[in-house]
Each structure stands twice: as structure tokens, then as C-alpha cells.
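Below: one structure, written as C-alpha cells.
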Amino acid sequence: MLSRGDAVVYKCRGLYTVEDIGTLDFLSQNRDKQYYTLQSVENAGDKAYIPADDETNIRKPVSKKEAMDLIGRIPQIETLQIKNEKLREQEYKECISDYCPENWLRVLKTTYKRTKSRGSITSVDRKYQTLLEHALYSELSFALGVQAVQMPQFIEAHIHDAENDKEGMIY
């Protein structure tokens, strides 16, 4: 059970805080059902109402350690192997349906690689890049105390540092 003020990740929409827990006056049915009122951390106009007895679409954000571990694993995260171009979007949706940041990175790496090899970005790839970059950067920003707009540079610097550390190690 969540409490007021708790931070949560809602689907692939980014970071929210639990603003309230209670019934919703604007519902004509199920007036006694309890809901979490979620407020987007980045957009004052974005609220979501989630049944308190079904937390499948929300989760606690990653910790600082988990965030740094995830960033360190980025070079090893595999891209998706799309078998049928007509089902590309469906495969993206299936991959991110668990709202796991590692799977967000799988799709992002796939879209980046695809865009680089094609020389341009498709509308589907742009849609998922925008959605997942926002979700990932807002969560990592919260965990690491780095502004979301600076997250790409932060990630790049830490991946570069980790690769240099590996090269300098003797096994």
C-alpha cells in the first residue's frame, strides 16, 4: 500500500507522486472504491487515477544504486530482433509492457541503431524514443539527483568512464 507523497513510476509515462488516496467524487459507479490520485512530477496538468487495489501499472522508482547499475549495463543490453517489420510496433509494446527500465533501454537501443542504419527516423521509432526517453530520464533523474535534460550526457559520461575502467583493468 502506498502513502501520500510516495514517488511512483506510472506505466511508461514517467515519475508521479501519490497526491491523494480515496474515493473519486466524479465517478457515478463504484463510489466506494479507493483510488490513488497521481500527480506528474513534470507536468502540473497531468493527473492519473489508479485503483488502489491494482498496482500493476505502477511501481517504485529504481534506487540510486539500481540506476547506476542499469547505466553500467547499457552497453551489454541487447537490441530487439524484429522478425516482421509490420509487427515492429507490437514488439515494442510487448517489450515495454512490464514497465521495466531495462526493457525501455532495449527498445531505445533498437530505435537508435535503426535510425543510424537508415539515416532517418520513422514515425513509430520517434514515438517510442520520445515516450521512453522521457520515462527513463525522469526516473533516473529522480534516483540520481541529476536534471532530466542532463541525463543523456550523464549516461554517456558514465558509460565512457566504465569502458575506460575496464580497459585499464588487468584480469
- Note on the structure: From DSSP H assignment alone, runs of 4+ in the chain each adding -39500 (n - 2.57), the sum over residues rounded to the nearest 500 puts [θ] at 222 nm at -15000 deg cm²/dmol
- Query: Label-point separation (nm) for residue 112 and residue 147, each offset 7 Å from Cα along Cα-to-Cβ?
  - Reply: 2.1
- Task: Might you report the magnitude of the Cβ-based charge dipole of the stretch 1-139 about its Cα centre, with Lys and Arg at +1 and Asp and Glu at -1, to the nearest 20 debye?
- Result: 760
- Considering only 80, 121, 140, whose Cα is most displaced toward the positive end of the charge dipole of the chain, charges sitting on Cβ of Lys, Arg (+1) and Asp, Glu (-1)? 121
- Structure-derived Cα extents along the principal axes in Å: which label, when the choices are (i) 50, 40, 32; (ii) 64, 26, 25; (iii) 61, 40, 27: (iii)
- Item | Separation in nanometres of the label points that stand 7 Å from Cα toward Cβ, at residue 55 and residue 93 | 2.7
- Spacing of the two label points (7 Å from each Cα toward its C-beta) at residue 17 and residue 100, in nm: 3.0
- Any chance you could run the full-extension gain for residue 7 through residue 63? It's 0.36 nm times the residue separation minus the Cα-Cα distance, nm to one decimal. 19.0 nm
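Bear in mind that the values in this text are calculations on the coordinates, not laboratory data. Everything numeric in this text was worked out from a predicted model, so none of it was measured. So basically every Cβ, Gly included, is an ideal-geometry build from the backbone, and we count neighbours across all protein chains shown.
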